[in-house]
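Working notes, beginning with the structure itself.
None of the figures in this text is laboratory data; all of them are computed from the coordinates on show. Computed from a prediction, not measured in an experiment: that's the story for all the values here.
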Amino acid sequence: MKPVLWLLLFVSTVAAVYVSTFAHYTGTMRVMAGVGTGVVFVGSALGLWLTGGKE
C-alpha cells in the first residue's frame, strides 16, 4: 500500500509542476488540473500519514 501512495505522491507532484509551467492550459482547465493534482497530493500524503506506524 505504501509504495502505491508514494508513487501517487510523486506523480501528482510532477503533474502539478507540469501543469503550472509547461502545459498551455488557460482559465478553467488550468484550475481544474491544479485542483485535481492537489487533491491527489493531499490524499496520498494523508494516506501515508495514516498508515505510518508508531515505531
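What does the convex hull of the alpha-carbon atoms of the stretch 1-51 project to on average, in nm²?
Values: hull surface 12.7 nm².
Across all orientations, the stretch 1-51 yields a mean hull projection of 3.2 nm².
Do the sum for the chain: with -39,500 (n - 2.57) for every DSSP H run of n ≥ 4, divided by all residues, what is the mean residue ellipticity at 222 nm, to the nearest 500 deg cm²/dmol? Before the final figure, lay out the partial values.
Details: 2 runs with 44 residues, N = 55.
Value at 222 nm, helices only, nearest 500: -28000 deg cm²/dmol.
For the chain, the longest principal axis of the alpha carbon atoms and the long axis of helix 2-21 meet at an angle near 20°.
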